[in-house]
Amino acid sequence: MVRTNELQAARKRVGATQRDAAKAIGCSTNSYCDKENNRAKFDVFEVVTLCDFLKINDNAEKAYIFLC
């Protein structure tokens, strides 16, 4: 489960759309939307890749968003 509002805010902070984020982790926009809205789960590789893409470098922020 992810903190949806915080993930969306991080994505918007870098000016990325859901489509951009989906492309970054190698899935469809629909799949990404499901993951961002807690209808599906991110795997570890997707979390690491997404954090790099969204420039989330702080481990505490990563944990806050993805380990709730």
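The values are calculated or read from the model by the stated rules, or taken from the named source; none is laboratory data. Predicted model only: the values in this text are computed from it and were never measured. Counting neighbours? That spans all protein chains shown, and the Cβs are built from the backbone with ideal geometry, glycine included. For the accessible areas, the whole protein counts, side chains as well, though only heavy atoms, and no ligand, DNA or RNA atoms are used. Shrake-Rupley method; radii C 1.70, N 1.55, O 1.52, S 1.80 Å.
Cβ separations smaller than 9 Å between residues 6+ apart or across chains give the following pairs from the stretch 21-36 residues that are over 17 Å from residue 66 (Cα atoms) and free of Cβ contacts under 8 Å to residues at least 24 places away in the same chain to residues that are open to solvent by less than 30 Å² (accessible area, probe 1.4 Å) and among the acidic types (Asp, Glu): 26/46; 27/46.
For (1) polar (S, T, N, Q); (2) in a helix (DSSP H, G or I), each residue gets a yes or a no:
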| residue | (1), (2) |
| --- | --- |
| 5 | yes, yes |
| 11 | no, yes |
| 15 | no, no |
| 33 | no, yes |
| 41 | no, no |
| 49 | yes, yes |
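Reported count of residues in the stretch 19-49, each being touching a Ser or Thr at 6+ places or on another chain (Cβ under 7 Å) and within 20 Å of residue 61 (Cα to Cα), is 5. In this entry, residue 40 passes the filter for residues that are of a type outside the set (S, T, N, Q) and free of Cβ contacts under 8 Å to residues at least 12 places away in the same chain.
Among the residues of the stretch 27-59, those that are open to solvent by 70 Å² or more (accessible area, probe 1.4 Å) and either of a type in the set (Gly, Ala, Ser) or under 18 Å from residue 1 (Cα atoms) (or both) comprise 30, 39, 41, 43, 44, 45, 48, 59.
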